[in-house]
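Encoded as C-alpha coordinates, the structure appears first; notes follow it.
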Amino acid sequence: MIWLILATLAVVFVVGFQLLTASSRHAVQALNKRLQLPPVHIESMLSLMGKEAAKEFTDYIAGDNDTHLHNGAAVLLIWQVLIVDGSDENMQRWHGILSRAGFSALISRQQLLLALGFLRQLEPDSQELHALRDQYNAHFTQQGIEMEGETEQGGKLVSLSDWRKRH
(Lines give C-alpha, C1' and ligand atoms only; values in the text may rest on other atoms or scores of the structure.)
Protein backbone atom coordinates (compact mmCIF):
# COMPACT_ATOMS: atom_id res chain seq x y z
CA MET A 1 0.00 0.00 0.00
CA ILE A 2 2.82 2.40 0.85
CA TRP A 3 4.55 1.68 -2.44
CA LEU A 4 1.36 2.64 -4.27
CA ILE A 5 1.25 6.00 -2.46
CA LEU A 6 4.93 6.62 -3.20
CA ALA A 7 4.46 5.70 -6.86
CA THR A 8 1.48 8.06 -7.10
CA LEU A 9 3.47 10.89 -5.54
CA ALA A 10 6.34 10.27 -7.95
CA VAL A 11 4.00 10.36 -10.95
CA VAL A 12 2.33 13.55 -9.70
CA PHE A 13 5.73 15.16 -9.17
CA VAL A 14 6.99 14.24 -12.65
CA VAL A 15 3.80 15.34 -14.40
CA GLY A 16 3.69 18.58 -12.41
CA PHE A 17 7.32 19.35 -13.23
CA GLN A 18 6.68 18.69 -16.93
CA LEU A 19 3.69 21.02 -16.94
CA LEU A 20 5.47 23.80 -15.05
CA THR A 21 8.53 23.79 -17.29
CA ALA A 22 6.80 23.11 -20.62
CA SER A 23 6.81 26.69 -21.94
CA SER A 24 10.48 27.32 -21.15
CA ARG A 25 11.50 23.98 -22.65
CA HIS A 26 9.51 24.71 -25.81
CA ALA A 27 11.10 28.16 -26.11
CA VAL A 28 14.61 26.76 -25.79
CA GLN A 29 13.78 23.96 -28.23
CA ALA A 30 12.45 26.47 -30.77
CA LEU A 31 15.69 28.44 -30.65
CA ASN A 32 17.78 25.25 -30.76
CA LYS A 33 15.82 24.01 -33.76
CA ARG A 34 16.11 27.30 -35.62
CA LEU A 35 19.86 27.54 -34.99
CA GLN A 36 20.35 23.77 -35.47
CA LEU A 37 22.33 23.53 -32.24
CA PRO A 38 22.42 21.10 -29.34
CA PRO A 39 20.65 22.45 -26.22
CA VAL A 40 23.88 22.72 -24.22
CA HIS A 41 24.71 26.19 -25.59
CA ILE A 42 21.46 27.80 -24.49
CA GLU A 43 21.14 25.83 -21.27
CA SER A 44 24.65 26.82 -20.13
CA MET A 45 23.84 30.47 -20.80
CA LEU A 46 20.53 30.16 -18.91
CA SER A 47 22.22 28.54 -15.92
CA LEU A 48 24.65 31.45 -15.59
CA MET A 49 21.99 34.12 -16.15
CA GLY A 50 20.32 33.45 -12.84
CA LYS A 51 16.83 32.16 -12.17
CA GLU A 52 14.92 35.40 -12.71
CA ALA A 53 16.78 36.50 -15.83
CA ALA A 54 16.60 32.99 -17.33
CA LYS A 55 12.82 32.97 -16.83
CA GLU A 56 12.56 36.42 -18.42
CA PHE A 57 14.66 35.21 -21.38
CA THR A 58 12.59 32.07 -21.96
CA ASP A 59 9.36 34.07 -21.60
CA TYR A 60 10.73 36.60 -24.09
CA ILE A 61 11.48 34.00 -26.78
CA ALA A 62 8.46 31.78 -25.99
CA GLY A 63 5.99 33.47 -28.32
CA ASP A 64 5.65 32.88 -32.03
CA ASN A 65 7.32 36.22 -32.64
CA ASP A 66 10.25 35.79 -35.05
CA THR A 67 11.77 39.09 -33.91
CA HIS A 68 11.98 37.88 -30.32
CA LEU A 69 13.55 34.64 -31.52
CA HIS A 70 16.09 36.66 -33.52
CA ASN A 71 16.86 38.81 -30.50
CA GLY A 72 17.24 35.65 -28.40
CA ALA A 73 19.70 34.33 -30.97
CA ALA A 74 21.55 37.66 -30.78
CA VAL A 75 21.78 37.34 -26.98
CA LEU A 76 23.24 33.86 -27.47
CA LEU A 77 25.68 35.26 -30.05
CA ILE A 78 26.75 37.99 -27.65
CA TRP A 79 27.16 35.43 -24.89
CA GLN A 80 29.23 33.09 -27.05
CA VAL A 81 31.36 35.66 -28.91
CA LEU A 82 31.76 38.55 -26.50
CA ILE A 83 31.79 36.71 -23.17
CA VAL A 84 32.72 33.03 -23.63
CA ASP A 85 35.26 33.02 -26.49
CA GLY A 86 36.20 36.04 -28.58
CA SER A 87 38.54 34.21 -30.96
CA ASP A 88 38.25 34.77 -34.72
CA GLU A 89 37.33 31.11 -35.25
CA ASN A 90 34.46 31.38 -32.77
CA MET A 91 33.28 34.64 -34.37
CA GLN A 92 33.24 32.97 -37.79
CA ARG A 93 31.42 29.93 -36.42
CA TRP A 94 28.62 31.90 -34.73
CA HIS A 95 28.30 34.31 -37.64
CA GLY A 96 27.73 31.28 -39.86
CA ILE A 97 25.22 29.71 -37.45
CA LEU A 98 23.06 32.85 -37.34
CA SER A 99 23.35 33.40 -41.11
CA ARG A 100 22.27 29.82 -41.86
CA ALA A 101 19.28 30.29 -39.54
CA GLY A 102 18.17 33.32 -41.57
CA PHE A 103 19.03 35.90 -38.92
CA SER A 104 21.20 38.95 -39.30
CA ALA A 105 24.52 38.02 -37.74
CA LEU A 106 25.41 41.61 -36.88
CA ILE A 107 24.80 42.88 -33.37
CA SER A 108 22.71 46.05 -33.05
CA ARG A 109 23.02 48.45 -30.16
CA GLN A 110 19.51 47.53 -29.00
CA GLN A 111 20.35 43.83 -28.99
CA LEU A 112 23.46 44.52 -26.94
CA LEU A 113 21.38 46.46 -24.42
CA LEU A 114 18.88 43.60 -24.31
CA ALA A 115 21.72 41.16 -23.66
CA LEU A 116 23.09 43.40 -20.90
CA GLY A 117 19.67 43.21 -19.25
CA PHE A 118 19.45 39.43 -19.48
CA LEU A 119 23.09 38.90 -18.45
CA ARG A 120 22.91 41.41 -15.59
CA GLN A 121 23.85 38.85 -12.92
CA LEU A 122 27.25 38.43 -14.60
CA GLU A 123 27.74 42.21 -14.37
CA PRO A 124 29.40 42.60 -17.78
CA ASP A 125 31.24 45.84 -18.47
CA SER A 126 28.98 47.82 -20.78
CA GLN A 127 31.74 49.92 -22.37
CA GLU A 128 33.88 46.87 -23.05
CA LEU A 129 30.96 45.02 -24.63
CA HIS A 130 30.13 48.03 -26.82
CA ALA A 131 33.75 48.14 -28.02
CA LEU A 132 33.73 44.39 -28.70
CA ARG A 133 30.41 44.75 -30.56
CA ASP A 134 31.90 47.45 -32.77
CA GLN A 135 34.93 45.26 -33.43
CA TYR A 136 32.72 42.24 -34.23
CA ASN A 137 30.47 44.20 -36.60
CA ALA A 138 33.46 45.81 -38.32
CA HIS A 139 34.91 42.35 -38.86
CA PHE A 140 31.84 41.30 -40.90
CA THR A 141 30.77 44.47 -42.70
CA GLN A 142 32.24 46.76 -45.30
CA GLN A 143 30.77 49.84 -43.60
CA GLY A 144 32.12 48.95 -40.18
CA ILE A 145 30.24 50.31 -37.19
CA GLU A 146 26.55 51.04 -37.63
CA MET A 147 25.40 54.49 -36.71
CA GLU A 148 22.98 55.02 -33.84
CA GLY A 149 19.41 54.41 -34.97
CA GLU A 150 20.38 53.17 -38.44
CA THR A 151 19.48 49.53 -38.02
CA GLU A 152 17.47 47.76 -40.66
CA GLN A 153 15.12 46.41 -37.98
CA GLY A 154 15.20 49.20 -35.41
CA GLY A 155 11.42 49.56 -35.30
CA LYS A 156 10.90 45.92 -34.34
CA LEU A 157 13.05 45.90 -31.21
CA VAL A 158 11.44 46.41 -27.83
CA SER A 159 13.44 47.42 -24.79
CA LEU A 160 13.55 44.90 -21.96
CA SER A 161 11.93 47.34 -19.51
CA ASP A 162 9.04 48.01 -21.94
CA TRP A 163 8.58 44.28 -22.46
CA ARG A 164 8.54 43.67 -18.66
CA LYS A 165 5.86 46.34 -18.22
CA ARG A 166 3.61 44.62 -20.76
CA HIS A 167 4.05 41.15 -19.27
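The values are calculated or read from the model by the stated rules, or taken from the named source; none is laboratory data. Since the structure is predicted, the reported quantities are computational estimates derived from the model, not experimental observations. Using ideal geometry, Cβ is built from the backbone for each residue, glycine included, and neighbour counts are taken over all protein chains shown. To get the accessible areas, we keep the full protein, side chains included, count just its heavy atoms, and leave off ligands, DNA and RNA. Shrake-Rupley method; radii C 1.70, N 1.55, O 1.52, S 1.80 Å.
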- Message: At 0.36 nm per residue, and after removing the present C-alpha to C-alpha distance, how many nm does the segment from R93 to D66 gain when stretched out fully?
- Response: 7.5 nm
- Task: Over segment 1-126, with every protein chain in place, what whole percent of the accessible area is carbon and sulfur at 1.4 Å, could you tell me?
- Result: 63
- Note on the structure: Charge tally for neighbours of L82 with beta carbon under 10 Å away, counting Lys, Arg as +1 and Asp, Glu as -1, is -1
